[in-house]
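The values are calculated or read from the model by the stated rules, or taken from the named source; none is laboratory data. Since we're looking at a predicted model, the values are computed, not measured. In this analysis, Cβ positions are derived from the backbone assuming ideal geometry, glycine residues included, and neighbour counts consider all displayed protein chains.
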Amino acid sequence: MACIFCEMPEERVIARNTHAFAIRDGFPVTPGHTLIIPKTHVLDYFELSNDLLLACDDLLREIKQHIQTDDPTVDGFNIGMNAGLSAGQTVFHCHIHLIPRRTGDVENPRGGVRHTIPGKGFY
C-alpha cells in the first residue's frame with residue numbers, strides 16, 4: 001500500500017530539515033494545525049531513532065515560533081501523536097500534531113488531551 005507521507009507533494013511542505021518535514025494538516029483542528037513527519041517511514045513515535053526524534057523536535061520548535069510570530073493570538077499548543085489503531089492512528093507513518101490554541105477557543109480547556117476519551121477531561 002502506498003504511504004501518503006512518503007509520497008508527499010513538495011508544494012505541501014512548509015518546512016524541512018535533514019530528517020523531517022512539516023505540512024499543514026488537511027483536516028485542521030484549529031488554524032495553523034501542522035504535522036511534523038519524519039522522512040524515514042517508521043510506524044509511530046516508538047520507532048523513531050534518536051536522529052529522527054531530534055529532527056522532529058527541532059521542527060516542532062521552529063514551527064511553533066513561526067505560528068506565534070504570524071498569529072499573536074496563539075498562546076498555547078497541544079502536541080499529539082496517535083500510536084496504533086486503538087489510539088486512533090489512521091496513517092501508519094509517524095506524524096506529530098502541533099495544534100495551536102487560543103484563549104477562548106473552547107469554553108473550558110482544562111484537561112486538554114484528556115478529552116480524547118469523553119468524560120475523562122474534567123477532574
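The figures follow:
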quantity	calculated
Looking only at segment 5-21, and only at residues there that are without any contact (Cβ under 8 Å) to a residue 12 or more places away in the chain and not in a loop (DSSP other than H, G, I, E, B), the one that is nearest to ARG61 (Cα to Cα)	VAL13
Every pair of residues 6+ apart whose Cβ atoms lie under 6 Å, when the first sits in segment 66-85 and is free of Cβ contacts under 8 Å to residues at least 60 places away in the same chain while the second is surrounded by 16 or more Cβ atoms within 10 Å (Cβ to Cβ) and in a loop (DSSP other than H, G, I, E, B)	ILE67/GLY32; ASN82/GLN89; ALA83/ASP44
Flag if ALA22 is closer than 21 Å to PRO100 by Cβ, in contact with a Ser or Thr (Cβ under 6 Å, 6 or more places away or on another chain) and of a type in the set (Gly, Ala, Ser)	yes
Selection count where residues are of a type in the set (Ser, Thr, Tyr) and surrounded by 16 or more Cβ atoms within 10 Å (Cβ to Cβ), scope segment 68-82	0
Among (1) modelled with pLDDT of 95 or more; (2) within 14 Å of the chain's Cα centre (by Cα); (3) not aromatic (Phe, Trp, Tyr), the one test that GLN68 misses	(2)
Filtered residue count, segment 40-67, keeping only those that are touching a strand residue (DSSP E or B) at 6+ places or on another chain (Cβ under 8 Å) and surrounded by fewer than 16 Cβ atoms within 10 Å (Cβ to Cβ)	2
Residue match in segment 21-39 (condition: within 26 Å of MET1 (Cβ to Cβ), surrounded by 15 or more Cβ atoms within 10 Å (Cβ to Cβ) and of a type in the set (D, E, K, R))	yes
Residues (at pLDDT 95 or above and of a type in the set (Ser, Thr, Tyr)) located in segment 91-123	THR103
All positions within segment 31-40 that are under 15 Å from HIS66 (Cβ atoms) and out of contact with any helix residue (DSSP H, G or I) (no Cβ under 6 Å at 6 or more places or on another chain)	PRO31, HIS33, LEU35
Test for ALA2: is it of a type outside the set (Asp, Glu), modelled with pLDDT under 95 and either buried (at least 17 other Cβ atoms within 10 Å of the Cβ) or in a loop (DSSP other than H, G, I, E, B) (or both)	yes
In segment 22-33, the residues that are charged (D, E, K, R) and in a loop (DSSP other than H, G, I, E, B)	ASP25
